[in-house]
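Some notes on the structure that comes next.
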Amino acid sequence: MEILVVGTGAREHAIVRALSLDPAVTALHAAPGNPGIGALAQLHPVDALDGAAVAALATELGADLVVVGPEAPLVAGVADAVRAAGIPVFGPSGAAAMLEGSKAFAKDVMAAAGVPTAAARVATTVDEVAAALDEFGAPHVVKDDGLAAGKGVVVTSDRDAALAHAAECLAKPGGRVVVEEYLDGPEVSLFVLSDGVDVVPLVPAQDFKRVGDGDAGPNTGGMGAYSPLPWAPAGLVDEVVETVAKPTIAEMTRRGTPFAGVLYCGLALTSRGVRVVEFNARFGDPETQVVLARLRTPLAGVLLASATGSLGETEPLTWDDGAAVTVVVASHGYPVQARSGDPITGIADAEQLPHVHVLHAGTALDADGHLVSAGGRVLSVVGTGATLTAAREAAYAGVEAIDLPGSHHRSDIALAAAQGA
Ligand code: AMP
Ligand code: GLY
């Protein structure tokens, strides 16, 4: 099978790496990819957001499958363009990706499907926002309706800060915000594959969104993740499949916009039960780095089954019983003002260590061919092991082997879970 993967992040590197370990895969391509992906796949300088260009590349390559990693190309209809060219594609249509592309739309689908989520109000004026903030009380949750690259959500007890964020979102053309009740309790990410009819859950993972240890500081794209979650209730996956994934997939089909791809269920385990915090229409980053590290079933056939409507006939997925932990190495200044162009060394040393692999995100080659940072989240260092403690030790040994001037990372990824807290 020849596969083209669209995207540039560590998530896409994790997908390419898993595909490279699948004996059914004969060739890997990426558009545009990054230097780490380039070690495993042929890179093509094609704009991930340009559906016609991606479809033309897939046609030229004779690709058997295209995998679209990030949300922006999905919402822009890149999967539609590839599908229209007659090539199987893993990833929802632009219409179905609105589950991520509009939080108001996602709320509407959840309401129609009876999916448990935070009570919410959609607002288009500051007065409506103020009324909703007062209705729900603090802490306040204000979300930009549209895609905002991880910067759309503000959770704060400061009413003025909530109003200021809302005003900023509303100032955009067609600006809308969703104001929600605050959900307490730990968060879980569960990815559920679908072909529009059947659903297949992966294993749960947890992401660390805040920049600093102990969840201090601003939100980021994600500073680390681990799986499994020893503290999660035993029936969690079955419950989410029955109460969240199946009704959502059925509702999307009922609306004439079937969802095929991966439904990322962002969940809060609240004192009142499981609630959906958000849907995404793609794999999560950095959770994918740990989920795929534990997947034993070859990945290509599973993604192809989602793309071609045959998930119902696939064998049950098999998983490594052990654990995986990923630690994100971020550049100086991230997430406020990330510095680029710093030299990265030590990746080969890290990968010499047992049970460590390094995935690239914001990396580039400079004019001399040296690896440098090129973004906020630079690397995802993944450690695996029999236990979370062993996987953490591996991941952090990998981080210590790497040098990136001015970089920072969290030191408490999976710590509480490994200690049984
Ligand atoms: P999102 O961009 O939708 O992924 O939201 C970013 C983060 O904001 C989530 O992972 C949560 O940590 C937090 N968040 C979103 N909605 C709520 C909510 N209703 N209550 C509490 N925290 C929330
Ligand atoms: N890990 C959060 C996200 O992918 O949106």
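Any read-out appearing in this document is the output of simple, stated calculations on the displayed coordinates, not a laboratory observation. Keep in mind the model is a prediction, meaning the values are calculated, not measured. Glycine also receives a Cβ, built like all others from the backbone with ideal geometry; neighbour counts cover every protein chain displayed.
Quick notes on this one:
- Positive-end residue of Val82, Ala63, Ala97, charge dipole of segment 29-132 with Cβ unit charges: Ala97
- Amide H contacts of Ala119 (H built 1.01 Å from N, in plane; Pro and chain starts excluded): Glu181 sit under 5 Å, all sequence-distant by 5 or more or on other chains.
- Shown for segment 111-250 is the translational diffusion coefficient from the Stokes-Einstein equation, using the Kirkwood radius over Cα pairs, a temperature of 37 °C and a viscosity of 0.692 mPa s: 194 µm²/s.
- Dipole moment magnitude, nearest 20 debye, the chain about Cα centre, only Lys, Arg, Asp, Glu C-beta charged: 320 debye
- Residue among Val325, Thr257, Val291 farthest towards the positive dipole end of segment 254-360, charges placed on Cβ: Thr257
- Each 10 Å bin from zero up to the one holding the largest Cα-Cα distance in segment 1-83 carries the following percent of pairs: 21, 57, 22, 0.
- Computed from phi, the 3J(HN,Hα) profile of segment 36-53 under the Karplus parametrisation 6.51, -1.76, 1.60 (θ = phi - 60°) reads x, 4, x, 6, 10, 9, 7, 8, 10, x, 10, 5, 4, 8, 9, x, 5, 5 Hz, with x in place of Gly and Pro.
- Pairs exceeding a 19 Å alpha-carbon distance, out of Lys172/Lys209; Lys209/Lys246; Lys107/Lys209; Lys143/Lys246; Lys107/Lys246: Lys172/Lys209; Lys209/Lys246; Lys107/Lys209; Lys143/Lys246.
- Under 5 Å between amide hydrogens, built in the peptide plane, is the criterion, and for Thr297 it picks out Thr318 among residues at least 5 positions away or on other chains.
- Rounded to the nearest 20 debye, the dipole size of segment 49-183 about its Cα centre is 140 debye, using +1 on the Cβ of Lys and Arg and -1 on the Cβ of Asp and Glu.
- Test item: Cα-centred dipole of segment 253-389, Lys/Arg +1 and Asp/Glu -1 on Cβ, debye: 740 debye
- Value of relative contact order over the chain, rounded to a whole percent, pairs C-alpha under 8 Å and six or more apart: 16 percent
- Alpha carbon convex hull of segment 319-421, projected area averaged over orientations, nm²: 7.0 nm²
- 3J(HN,Hα) along segment 391-403, derived from phi through the Karplus expression 6.51 cos²θ - 1.76 cosθ + 1.60 where θ = phi - 60°, amounts to 5, 5, 4, 5, 4, 6, 4, x, 4, 5, 6, 9, 10 Hz, with x in place of Gly and Pro.
- Area projected by the alpha carbon convex hull of segment 173-254, averaged over all directions, nm²: 8.2 nm²
- Percent breakdown of C-alpha pair distances by 10 Å bin, ordered from the shortest bin, for segment 23-136: 13, 33, 24, 17, 12, 3
- For the chain, alpha-carbon Rg relative to the globular expectation (2.2 N^0.38 Å, N residues): 0.94
- Relative pair counts by distance (%), Cα atoms of segment 263-366, 5 Å bins: 2, 8, 12, 15, 18, 17, 12, 9, 4, 1, 0
- Pairs of alpha carbons in segment 213-275 separated by more than 20 Å make up 47% of all such pairs.
- Exposed-site-free run, longest, the chain (rule: chymotrypsin sites (Phe, Trp or Tyr not before Pro); DSSP loop; at most 16 other C-beta within 10 Å): 232-421
- Unit charges at the beta carbon, dipole of segment 160-242: most positive-side option, Ser189, Pro233, Val200: Ser189
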